[in-house]
1. Restricting to helices (runs of 4 or more DSSP H) lying wholly in segment 44-145: which have 2 or more residues that are under 21 Å from G158 (Cα atoms) and either among the hydrophobic types (A, V, I, L, M, F, W, C) or touching a helix residue (DSSP H, G or I) at 6+ places or on another chain (Cβ under 8 Å) (or both)?
2. Do we find a residue being under 17 Å from P150 (Cα atoms), touching a strand residue (DSSP E or B) at 6+ places or on another chain (Cβ under 8 Å), among the hydrophobic types (A, V, I, L, M, F, W, C) and exposed (fewer than 15 other Cβ atoms within 10 Å of the Cβ) anywhere in segment 55-72?
3. Please specify each residue of segment 1-20 satisfying the condition of being over 14 Å from the mean Cα position of the chain (by Cα) and open to solvent by less than 50 Å² (accessible area, probe 1.4 Å).
4. Do we have any residue at all in segment 21-41 that's farther than 25 Å from E152 by Cα, open to solvent by 20 Å² or more (accessible area, probe 1.4 Å) and without any contact (Cβ under 8 Å) to a residue 40 or more places away in the chain?
5. Specify the residue that is modelled with the highest pLDDT; the eligible residues are those in segment 115-129 that are open to solvent by less than 30 Å² (accessible area, probe 1.4 Å) and of a type in the set (F, W, Y).
6. Check segment 82-93 and report whether any residue there is closer than 27 Å to A140 by Cβ and among the polar types (S, T, N, Q).
7. Does E47 qualify as being open to solvent by less than 40 Å² (accessible area, probe 1.4 Å) and without any contact (Cβ under 8 Å) to a residue 12 or more places away in the chain?
8. Within segment 34-41, is there a residue that is outside any loop (DSSP other than H, G, I, E, B), touching a Ser or Thr at 6+ places or on another chain (Cβ under 6 Å) and at pLDDT below 95?
Amino acid sequence: MTDEIPTLRRASRVVLLDESDRVLLVRFEYGGRKWWATPGGGLEGEETHEDAARREIEEETGLRLEILGPRVWNREHVFRFEGRLYRQREHYFVAVVPAFAPQPGALGAAESIAFRDLRWWTMEDLEAGTEEFAPAELPALVRRLVEHGPPERPIEVGI
């Protein structure tokens with residue numbers, strides 16, 4: 001057994017809500033697993049979390065995000081991807097946008113491996129879903145955002 005030290009990866013994700021309180025999620029498949037998560041990904045170079053969030057939204061959905069709302073959640077988790085162990089620290093932002101038909105653009109090499117689909121979810125669909133979500137409590141977190149708005153400070157969420 002080795003004491004492999006995970007590579008730190010900073011990432012930004014965006015909870016995209018439309019005017020009907022639907023949330024846009026990305027379906028990923030990798031290593032025999034399938035799950036839904038908010039759009040987003042790793043920071044590049046000296047990019048800020050906010051800049052990465054905007055870039056990732058444009059790459060994954062085709063939307064040029066004009067207004068990025070506040071950071072609402074923080075998440076840290078460890079995972080293995082393409083043989084490498086990562087400790088990812090994510091900042092989640094919220095943005096309310098008009099409904100649109102998402103069209104993935106130029107995905108990066110790593111994203112292309114796992115990225116499978118985009119879908120708008122109603123709160124009812126999200127809460128009744130039997131699919132895996134990341135983070136696992138995503139339906140409850142989105143419900144809280146919709147009903148109470150952004151928290152005063154970002155909250156720590158689990159895996």
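1. Filter on segment 44-145 gives 123-128.
2. Yes, segment 55-72 has at least one match.
3. Hits for segment 1-20 are P6, T7, D18.
4. Yes, there is a match, as at least one residue in segment 21-41 is farther than 25 Å from E152 by Cα, open to solvent by 20 Å² or more (accessible area, probe 1.4 Å) and without any contact (Cβ under 8 Å) to a residue 40 or more places away in the chain.
5. Ranking the candidates gives W121 first.
6. Yes: one or more hits.
7. yes
8. Yes, segment 34-41 has at least one match.
The values are calculated or read from the model by the stated rules, or taken from the named source; none is laboratory data. Remember, predicted model here, so these are calculated numbers, not experimental data. Cβ: placed from backbone, ideal geometry, glycine included. Neighbour counts: every protein chain shown. Just the protein is used for accessible areas: all its heavy atoms, side chains included, with ligands, DNA and RNA removed. Shrake-Rupley method; radii C 1.70, N 1.55, O 1.52, S 1.80 Å.
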